[in-house]
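First comes the structure, then the notes that go with it.
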């Protein structure tokens, strides 16, 4: 029971962090049709900005200022980059964001170096929140869950209960009509792209010190984010939420289990030697295969439901 509860909480925490990161990518794609390969780089920038700001004025100002800084960069990218290449089609947009990811990574190397930086958990949040059968659950994990849930609620309220949310949703399906009503649709797109980048930056602020802040963090998390978006369905925030929790729980539980296919036959007295036919496959543990499981799940979803769980666009 202890293993189950701790793994469940850790899986939900990781899943909510994935949703915070993937929600910005989903929002940008559903609004603009742009699959941003540099999205995970904004996550990395959020972590590095928070590291730099917290070193001077503390973590709490960094929690606000770092996402705002990433949002400004995101808006500049849309205004002076994506808007220019948009007329050349989606391939040009993909190539632009792909190149931008490399530029951001090289900029991080130049400014902060290639080694991980010492961006730690703030002292105010360093401690035990509660105990489960003798195992401590950190305060910071609870804080990550709280921020993720508040972000989810705020995103829902803005998109469904405010005027700007109605304009954003209308611009998605009827941009000409929205422009005829006096709204600046290109500016709306710029703000949406900046907002998506800010969500990624916020994920970097609270995820960078919980894990590792290094130049390779964008590459590490970027692939998983795209898996989340594909499984959930392109353009679906609800699908991204479900897929994030699913992958978070899948990876958290699988890394702690040493089950294998060969182990299922041991009670029957059947064993598979490592040098036998497919012996290594039979003895491969679930923990060893954990990094591959999200991609396997994505392949299965694409085979049986190409639009994803709740997708509205073809993947």
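Odds and ends about this structure:
- Across 300, 110, 202, mean-square fluctuation computed from a Gaussian network of the chain (C-alpha pairs under 10 Å connected) peaks at 110.
- With a Förster radius of 22 Å applied to the beta-carbon distance between residue 146 and residue 293, the computed FRET efficiency rounds to 0.20.
- Among 43, 156, 14, the residue with the largest mean-square fluctuation in a Gaussian network model of the chain, with springs joining Cα atoms closer than 10 Å, is 156.
- For the chain, adding -39500 (n - 2.57) for each run of n ≥ 4 DSSP H residues and dividing by the number of residues yields -22000 deg cm²/dmol at 222 nm.
- In degrees, nearest ten, helix 59-77 long axis to first principal axis of the chain (Cα): 60
- Set the Cα radius of gyration of region 36-189 against 2.2 N^0.38 Å, with N its number of residues, and you get 1.31.
- Each eigenvalue of the Cα gyration tensor of region 61-108, multiplied by 5 and square-rooted, gives one semi-axis; in descending order these are 24, 13, 7 Å.
- Among 197, 289, 50, the largest mean-square fluctuation in a Gaussian network model of the chain, built with springs joining Cα atoms closer than 10 Å, belongs to 289.
- Calculated over region 147-233: convex hull of Cα atoms, volume per residue (Å³): 118
- The protection proxy used here, the mean number of other Cβ atoms lying within 10 Å of each residue, ranks peptides 181-190, 212-221 as follows, highest first: 212-221, 181-190.
- Calculated on the alpha-carbon coordinates, the convex hull of region 17-111 measures out at 96 cubic angstrom per residue.
- Debye intensity ratio I(q)/I(0), log10, the chain, q values 0.09, 0.15 Å⁻¹ (C-alpha model): -0.51, -1.25
- The coefficient of translational diffusion for region 62-145, derived via Stokes-Einstein from the alpha carbon Kirkwood radius under 37 °C and 0.692 mPa s, stands at 198 µm²/s.
- Short-range pairs are left out: with C-alpha atoms under 8 Å and at least six residues apart, the relative contact order of region 8-65 is 18 percent.
Only the coordinates and a few stated rules stand behind these numbers; no lab work does. Because the structure is a prediction, the values reported are computed rather than measured. Quick reminder, even Gly has a Cβ in these numbers, built from the backbone with ideal geometry, and neighbours come from all protein chains shown.
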